[in-house]
Amino acid sequence: MHELKALYETLHYINVRTYLQSGNVIFSSQNKSISGIVSSLQMQVEADYGFQVSILLRKVPDLKKIIMSNPFLVRRKLPNENLYVTFLEKEPTQGSMDKLFIQKTSEHEFTLIGKEIYLYCPGGYGKTKYSNNYFEKGLKTIATTRNWNTVNKIYQMANQPK
(Lines give C-alpha, C1' and ligand atoms only; values in the text may rest on other atoms or scores of the structure.)
Protein backbone atom coordinates (compact mmCIF):
# COMPACT_ATOMS: atom_id res chain seq x y z
CA MET A 1 0.00 0.00 0.00
CA HIS A 2 3.01 2.28 0.49
CA GLU A 3 3.79 2.01 -3.24
CA LEU A 4 0.16 2.68 -4.11
CA LYS A 5 0.16 5.80 -1.94
CA ALA A 6 3.40 6.97 -3.57
CA LEU A 7 1.89 6.49 -7.03
CA TYR A 8 -0.97 8.86 -6.16
CA GLU A 9 1.45 11.38 -4.71
CA THR A 10 3.54 11.21 -7.90
CA LEU A 11 0.46 12.49 -9.73
CA HIS A 12 0.21 15.36 -7.21
CA TYR A 13 -2.90 14.13 -5.45
CA ILE A 14 -2.95 15.33 -1.85
CA ASN A 15 -4.00 13.95 1.53
CA VAL A 16 -3.41 10.45 0.17
CA ARG A 17 -4.38 7.65 2.55
CA THR A 18 -4.98 3.96 2.05
CA TYR A 19 -7.29 1.61 3.89
CA LEU A 20 -5.79 -1.72 4.95
CA GLN A 21 -4.53 -3.90 2.09
CA SER A 22 -7.75 -3.39 0.15
CA GLY A 23 -6.63 -1.20 -2.73
CA ASN A 24 -8.87 1.59 -1.44
CA VAL A 25 -7.29 5.03 -1.62
CA ILE A 26 -8.68 8.26 -0.23
CA PHE A 27 -7.23 11.46 -1.72
CA SER A 28 -7.95 15.03 -2.75
CA SER A 29 -7.51 16.48 -6.21
CA GLN A 30 -7.86 19.82 -7.94
CA ASN A 31 -9.03 17.86 -10.99
CA LYS A 32 -12.81 17.48 -10.73
CA SER A 33 -13.10 15.12 -13.71
CA ILE A 34 -13.50 11.53 -12.56
CA SER A 35 -12.61 10.23 -16.01
CA GLY A 36 -9.48 12.42 -16.06
CA ILE A 37 -8.35 11.15 -12.66
CA VAL A 38 -9.03 7.52 -13.59
CA SER A 39 -7.18 7.91 -16.88
CA SER A 40 -4.10 9.47 -15.24
CA LEU A 41 -4.01 6.75 -12.59
CA GLN A 42 -4.33 3.96 -15.15
CA MET A 43 -1.56 5.43 -17.31
CA GLN A 44 0.72 5.80 -14.27
CA VAL A 45 0.14 2.20 -13.15
CA GLU A 46 0.90 0.94 -16.64
CA ALA A 47 4.03 3.12 -16.87
CA ASP A 48 5.31 2.06 -13.43
CA TYR A 49 4.27 -1.60 -13.39
CA GLY A 50 3.68 -2.62 -17.00
CA PHE A 51 0.08 -3.75 -16.69
CA GLN A 52 -3.39 -2.29 -17.05
CA VAL A 53 -5.83 -1.97 -14.16
CA SER A 54 -9.44 -1.00 -13.80
CA ILE A 55 -10.07 1.83 -11.37
CA LEU A 56 -13.45 2.72 -9.93
CA LEU A 57 -13.75 6.10 -8.26
CA ARG A 58 -16.44 7.68 -6.13
CA LYS A 59 -16.54 11.17 -4.66
CA VAL A 60 -17.27 11.68 -0.95
CA PRO A 61 -20.84 12.94 -1.53
CA ASP A 62 -21.46 9.82 -3.64
CA LEU A 63 -20.28 7.61 -0.77
CA LYS A 64 -22.62 9.40 1.61
CA LYS A 65 -25.53 8.83 -0.78
CA ILE A 66 -24.55 5.17 -1.15
CA ILE A 67 -24.54 4.70 2.62
CA MET A 68 -27.84 6.51 3.10
CA SER A 69 -29.52 4.55 0.28
CA ASN A 70 -28.82 0.99 1.42
CA PRO A 71 -32.25 -0.64 1.04
CA PHE A 72 -31.37 -3.52 3.34
CA LEU A 73 -30.81 -1.16 6.26
CA VAL A 74 -33.77 1.05 5.51
CA ARG A 75 -36.28 -1.80 5.12
CA ARG A 76 -35.11 -4.55 7.42
CA LYS A 77 -32.18 -3.49 9.60
CA LEU A 78 -30.05 -6.47 8.54
CA PRO A 79 -26.68 -7.11 10.24
CA ASN A 80 -23.66 -5.33 8.73
CA GLU A 81 -21.62 -8.52 8.35
CA ASN A 82 -24.09 -9.77 5.71
CA LEU A 83 -24.16 -6.57 3.64
CA TYR A 84 -21.99 -5.67 0.67
CA VAL A 85 -21.86 -3.08 -2.08
CA THR A 86 -20.75 -3.87 -5.62
CA PHE A 87 -19.51 -0.72 -7.32
CA LEU A 88 -19.98 -0.64 -11.09
CA GLU A 89 -18.00 1.35 -13.62
CA LYS A 90 -21.15 2.40 -15.44
CA GLU A 91 -24.87 2.22 -14.89
CA PRO A 92 -26.25 -0.93 -16.49
CA THR A 93 -28.94 -0.99 -19.12
CA GLN A 94 -32.41 -2.10 -18.13
CA GLY A 95 -32.17 -5.08 -20.47
CA SER A 96 -29.02 -6.43 -18.83
CA MET A 97 -30.51 -5.98 -15.36
CA ASP A 98 -33.71 -7.75 -16.39
CA LYS A 99 -31.65 -10.83 -17.32
CA LEU A 100 -29.97 -10.83 -13.90
CA PHE A 101 -33.27 -10.43 -12.05
CA ILE A 102 -34.64 -13.50 -13.84
CA GLN A 103 -31.76 -15.53 -12.34
CA LYS A 104 -32.22 -14.22 -8.77
CA THR A 105 -32.21 -16.70 -5.91
CA SER A 106 -34.19 -16.34 -2.73
CA GLU A 107 -31.32 -16.95 -0.30
CA HIS A 108 -29.13 -14.02 -1.33
CA GLU A 109 -30.59 -10.76 -2.55
CA PHE A 110 -29.40 -7.79 -4.55
CA THR A 111 -30.83 -4.41 -5.46
CA LEU A 112 -29.47 -1.97 -8.03
CA ILE A 113 -29.48 1.75 -7.30
CA GLY A 114 -27.59 3.80 -9.89
CA LYS A 115 -24.06 2.39 -10.30
CA GLU A 116 -24.17 0.36 -7.08
CA ILE A 117 -25.56 -3.05 -6.33
CA TYR A 118 -26.48 -3.63 -2.71
CA LEU A 119 -26.07 -7.25 -1.65
CA TYR A 120 -27.49 -9.23 1.25
CA CYS A 121 -25.54 -12.47 1.68
CA PRO A 122 -26.60 -14.26 4.88
CA GLY A 123 -24.00 -17.01 4.34
CA GLY A 124 -21.25 -14.52 3.53
CA TYR A 125 -19.94 -13.13 0.25
CA GLY A 126 -17.77 -16.18 -0.35
CA LYS A 127 -20.87 -18.35 -0.68
CA THR A 128 -22.93 -16.20 -3.03
CA LYS A 129 -23.16 -16.61 -6.79
CA TYR A 130 -23.43 -12.81 -6.98
CA SER A 131 -19.69 -12.21 -7.32
CA ASN A 132 -17.90 -9.49 -9.27
CA ASN A 133 -17.53 -11.95 -12.13
CA TYR A 134 -21.28 -12.64 -12.17
CA PHE A 135 -22.13 -8.95 -12.43
CA GLU A 136 -19.30 -8.11 -14.85
CA LYS A 137 -20.40 -10.84 -17.27
CA GLY A 138 -24.10 -10.10 -16.97
CA LEU A 139 -23.84 -6.32 -17.10
CA LYS A 140 -20.79 -5.97 -19.37
CA THR A 141 -19.04 -3.57 -17.02
CA ILE A 142 -16.25 -3.54 -14.44
CA ALA A 143 -17.26 -4.28 -10.83
CA THR A 144 -15.66 -4.42 -7.41
CA THR A 145 -17.28 -5.34 -4.12
CA ARG A 146 -16.66 -4.12 -0.59
CA ASN A 147 -18.26 -5.23 2.65
CA TRP A 148 -20.51 -2.77 4.41
CA ASN A 149 -18.05 -2.04 7.22
CA THR A 150 -15.33 -1.17 4.69
CA VAL A 151 -17.65 1.19 2.79
CA ASN A 152 -18.46 2.98 6.05
CA LYS A 153 -14.82 3.13 7.17
CA ILE A 154 -13.70 4.62 3.85
CA TYR A 155 -16.40 7.26 4.14
CA GLN A 156 -15.32 8.06 7.72
CA MET A 157 -11.68 8.33 6.66
CA ALA A 158 -12.61 10.63 3.77
CA ASN A 159 -14.33 12.97 6.22
CA GLN A 160 -11.45 13.13 8.70
CA PRO A 161 -8.87 15.87 8.34
CA LYS A 162 -5.46 14.48 7.52
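Odds and ends about this structure:
- Residue check for Phe27: farther than 19 Å from Ala158 by Cα, assigned to a strand (DSSP E or B), aromatic (Phe, Trp, Tyr) and touching a strand residue (DSSP E or B) at 6+ places or on another chain (Cβ under 8 Å): no
- Within segment 22-52, the set of residues being aliphatic (A, V, I, L, M) and touching a residue at least 12 places away in the same chain (Cβ under 8 Å) comprises Val25, Ile26, Ile34, Ile37, Val38, Leu41, Val45.
- A single entry from Gln103, Gln42 fulfils the requirement of being at pLDDT 95 or above, open to solvent by 50 Å² or more (accessible area, probe 1.4 Å) and under 26 Å from Lys140 (Cα atoms): Gln42.
- Taking segment 45-72 as the range and being surrounded by fewer than 16 Cβ atoms within 10 Å (Cβ to Cβ), in a helix (DSSP H, G or I) and not β-branched (Val, Ile, Thr) as the test, the residues that pass are Glu46, Ala47, Asp48, Tyr49, Pro61, Lys64, Lys65, Met68, Pro71.
- Enumeration of residues in segment 53-73 that are touching a Ser or Thr at 6+ places or on another chain (Cβ under 7 Å) and more than 14 Å from Gly36 (Cα to Cα): Pro71
- Qualifying residues in segment 1-20 (those that are of a type outside the set (Phe, Trp, Tyr) and farther than 19 Å from Ala47 by Cβ) - the one most open to solvent (accessible area, probe 1.4 Å): Leu20
The values are calculated or read from the model by the stated rules, or taken from the named source; none is laboratory data. Note that this is a predicted model, so its numbers are computed, not measured. Cβ sites come from the backbone with ideal geometry, for glycine too, and all protein chains shown count toward neighbours. For the accessible areas, the whole protein counts, side chains as well, though only heavy atoms, and no ligand, DNA or RNA atoms are used. Shrake-Rupley method; radii C 1.70, N 1.55, O 1.52, S 1.80 Å.
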